[in-house]
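Here is the structure we will look at.
The values are calculated or read from the model by the stated rules, or taken from the named source; none is laboratory data. Nothing here was measured: the structure is a model prediction, and the numbers come from that model. Using ideal geometry, Cβ is built from the backbone for each residue, glycine included, and neighbour counts are taken over all protein chains shown. For accessibility, only protein heavy atoms count, side chains too; no ligands or nucleic acids. Shrake-Rupley method; radii C 1.70, N 1.55, O 1.52, S 1.80 Å.
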Amino acid sequence: MLQQKMPPVHPGEILKEMYLDPLGISITALADNLGVARKTVSQLINGHMGVSAEMALRLAKAFNTTPELWLNMQRNYDLWYAGSKIKTTHIRSLRTKERRVYKTA
């Protein structure tokens, strides 16, 4: 996997800048609509927590998107930061032997 130079934006920042701010929705109003605590939405918006599968389903329903959109953003964010923290150069590739396919007559 190639490491991008620029880190991806946290899904919470996207949520705030592309959905909440343009629509004039407060954190409290979103939390009430999603059926979660205000603190949960605040932590997500501020990048202190990630998007879970459950939250992805809620956000998708609220904003007429897909859960995959939210989960992919979170996955890309997590992978980028994990890749920037760990070194994998010492890990060697372990490959299984190719399976032989035998044709029967």
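Here are some conditions: (1) under 16 Å from residue 34 (Cβ atoms); (2) surrounded by 13 or more Cβ atoms within 10 Å (Cβ to Cβ). Residue 64 meets all but one. Which one does it not meet?
Here residue 64 clears every test but (2).
Which condition number does residue 10 fail, the rest of (1) at pLDDT 95 or above; (2) surrounded by fewer than 15 Cβ atoms within 10 Å (Cβ to Cβ); (3) touching a Gly at 6+ places or on another chain (Cβ under 6 Å) being met?
Of (1) at pLDDT 95 or above; (2) surrounded by fewer than 15 Cβ atoms within 10 Å (Cβ to Cβ); (3) touching a Gly at 6+ places or on another chain (Cβ under 6 Å), only one is false for residue 10: (2).
Just for segment 77-97: of the residues that are farther than 30 Å from residue 48 by Cβ and β-branched (Val, Ile, Thr), which one is modelled with the highest pLDDT? Steps first, answer last, please.
If we filter segment 77-97 for residues that are farther than 30 Å from residue 48 by Cβ, which is where we start, we get 89-97.
Then keep just the ones that are β-branched (Val, Ile, Thr); that gives 89, 91, 96.
Values: 89: 83, 91: 87, 96: 76.
Top of the filtered list is 91.
Taking segment 50-105 as the region of interest, how many residues are over 23 Å from residue 27 (Cβ atoms) and hydroxyl-bearing (Ser, Thr, Tyr)?
Counting residues in segment 50-105 that are over 23 Å from residue 27 (Cβ atoms) and hydroxyl-bearing (Ser, Thr, Tyr) gives 8.
Out of segment 29-52, which residues are open to solvent by 60 Å² or more (accessible area, probe 1.4 Å) and assigned to a helix (DSSP H, G or I)?
32, 33, 38, 39, 43
On the given criteria, is residue 18 open to solvent by 90 Å² or more (accessible area, probe 1.4 Å) and modelled with pLDDT under 95?
Criteria not met by residue 18.
For segment 67-102, how many residues are open to solvent by less than 100 Å² (accessible area, probe 1.4 Å), part of a helix (DSSP H, G or I) and not aromatic (Phe, Trp, Tyr)?
12
Of the conditions (1) touching a residue at least 24 places away in the same chain (Cβ under 8 Å); (2) crowded, with 17+ Cβ neighbours inside 10 Å; (3) out of contact with any Leu (no Cβ under 6 Å at 6 or more places or on another chain), residue 58 fails just one. Which one is it?
Residue 58 satisfies all of (1) touching a residue at least 24 places away in the same chain (Cβ under 8 Å); (2) crowded, with 17+ Cβ neighbours inside 10 Å; (3) out of contact with any Leu (no Cβ under 6 Å at 6 or more places or on another chain) except (3).
Are there any pairs, at least 6 apart or on different chains, whose C-beta atoms fall under 6 Å, with the first in segment 63-84 and without any contact (Cβ under 8 Å) to a residue 40 or more places away in the chain and the second part of a helix (DSSP H, G or I) and not small (Gly, Ala, Ser), and if so, which?
Listed pairs, sorted by first residue: 67/57.
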